[in-house]
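Scroll down for the structure; my scribbles are underneath it.
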């Protein structure tokens, strides 16, 4: 059970950071949405989306490849770090030039162009922090990544609140993001050089080639993840982006819950690929079950309580985005399943399969967005997200048929053990009583039902006991 304890420890570290990060992000996004209004919030969201797509070109999958290789053989970390840092510097300079040239195209002018420039700088600086975090992850020292996540969120929160207090504009908000990134990367450099080693500076074409499948996958993923906001800004304007970004921010917060688990389990799955195929299969199938248990209750609660959630968090100005939240939240189950399956394929050196699936998803997403946004505005973008996640799930499941790791029919039929508690919780959520009482009772009934139906079996309980005993 040592791997279970390692996974639990690293998941706990990252979960701690995620809880703080989400609370901080919740505060600054609520304040920004209310302070900037739908148009200003839309400008900031579009800039984050556009530069987010560009920033992945500064990594090209090297971070994920480095994580996997260090997890398998820590002795090669120094060479990987030097080559990765040199490659990152070169690629970042190229991307920086591309971002600087964006205003020349005339797509973004004035305030929007300035915001894009500063947010682009923020994204590139954060790319270096991500590089060091990938090595922390490879060494399975998630505590350092946890501290970075907390500091980064704290710096952004303080910066945003300071700008609002001083009565600044959306441009000043973008500058605050950039300053936060510089402070955060300073921590990463300091910790890595003090606790591990001082990396050299080299260039490795081989590292780029090996990381490229992960990089292309990330490009496709980010196109799919951000392109809807970019297309909305170009096709419908900043107000539509603001109304879409409010529920999408909530979906991002929710998705971070499973991202924590994926980050912690990826090095272990990579090691199991070398050491034990049976252990890898066990880890994948148990992970699917745990993530589905989490997804079902999240979908039910958010779907039923969408309107009060939007009004409580973002104010009544965003109430028209509640239907978008209901549509988007249904994608959670597909996202969770796609994430852990992508982890599995990447850890078993089948990253080209992941690339093909995410590529198909990105192309499909852009095409469907073009059709649906023109007719249904941000509701069309929401539907496109769900449809894309479903398509990717189907493609991932087909890819697993050619491996020994796919889900069996028995695994799928066992889903009733999760759905029955979910149905009972849904009934409670629709009762005409106070929202807090409904949510609390629904969660209690769901948790009790998970144990009563045997969704968590004796093996799951043994894993839990082992983790608790340490």
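Contact order normalised by length for region 95-173, with contacts defined as Cα pairs under 8 Å and 6 or more residues apart; what percent is it?
Over region 95-173, the number comes to 28 percent.
Roughly speaking, what is the stretch gain from residue 141 to residue 89, that is 0.36 nm per residue apart minus the C-alpha to C-alpha distance, in nm to one decimal?
Going from the current span to full extension adds 16.3 nm.
Hey, fewest Cβ within 10 Å first, where do 119, 319, 310 land in order?
319, 310, 119
Using the number of other C-beta atoms within 10 angstrom as an exposure proxy, rank 255, 188 with the fewest first.
Result, fewest neighbours first: 255, 188.
Sort region 80-157 into rounded, prolate or oblate with this rule: let a ≥ b ≥ c be the square roots of the eigenvalues of the Cα gyration tensor; rounded if a/c is under 1.5, and if a/c is not under 1.5, prolate when a/b is larger than b/c, oblate otherwise.
oblate
Report the paramagnetic label zone for residue 27: residues of region 142-175 whose backbone N is under 15 Å from a point 7 Å from Cα along the Cα-to-Cβ axis.
Within reach of a label on residue 27, which here means backbone N under 15 Å from a point 7 Å along Cα→Cβ, region 142-175 contributes 150-165.
Note the full-extension length gain between residue 189 and residue 424 as 0.36 nm times their separation in residues minus their Cα-Cα distance, in nm to one decimal. Please list the in-between numbers first.
Details: separation 235, 0.36 × 235 = 84.60 nm, distance 5.00 nm.
Gain in length upon complete extension: 79.6 nm.
Treat each spin label as a single point 7 Å out from the Cα along the C-beta direction, and report the residue 435 to residue 72 distance in nm.
4.9 nm
Given points 7 Å out from each Cα along the Cα-Cβ axis, report the residue 401 to residue 447 separation in nanometres with one decimal.
Placing both labels 7 Å beyond Cα along the Cβ direction yields 4.1 nm.
Relative contact order, percent, of the chain when contacts are C-alpha pairs under 8 Å separated by at least 6 residues?
Reported as a whole number, the value is 21 percent.
Over region 319-400, what is the relative contact order in whole percent, taking alpha-carbon pairs under 8 Å and six or more residues apart?
Relative contact order for region 319-400 comes out at 45 percent.
For residue 311 and residue 198 in the same chain, what is the full-extension length gain: residue separation times 0.36 nm, less their Cα-Cα distance, in nm?
Numbers: separation 113, 0.36 × 113 = 40.68 nm, distance 4.93 nm.
Result for the pair: 35.8 nm of gain on full extension.
Assuming a ≥ b ≥ c are the square roots of the Cα gyration tensor eigenvalues, decide whether region 312-470 counts as rounded (a/c under 1.5), prolate (otherwise, with a/b larger than b/c) or oblate.
oblate
Exposure proxy check: 393, 98 ranked by fewest other beta carbons within 10 Å?
Exposure proxy ranking, most exposed first: 98, 393.
If I model the chain as equal point scatterers sitting on the Cα atoms and use the Debye formula, what is log10 I(q)/I(0) at q = 0.08, 0.09, 0.11 Å⁻¹?
Normalising to I(0) and taking log10 leaves -0.47, -0.60, -0.94.
Let me make sure I get this right: for region 300-387, a, b and c are the square roots of the gyration tensor eigenvalues over alpha carbons, sorted descending. Under 1.5 in a/c it's rounded, otherwise prolate if a/b > b/c, else oblate. Which is it?
In terms of gyration-tensor shape, oblate.
I want to check the label-to-label distance for residue 349 and residue 366. Put each point 7 Å from Cα in the C-beta direction and report it in nm to one decimal.
With each label placed 7 Å out from Cα toward Cβ, I get 3.2 nm.
Any read-out appearing in this document is the output of simple, stated calculations on the displayed coordinates, not a laboratory observation. Computed from a predicted model, the values in this text were never measured in an experiment. No Cβ is skipped: glycine too gets one built from the backbone with ideal geometry, and neighbour counts run over all protein chains shown.
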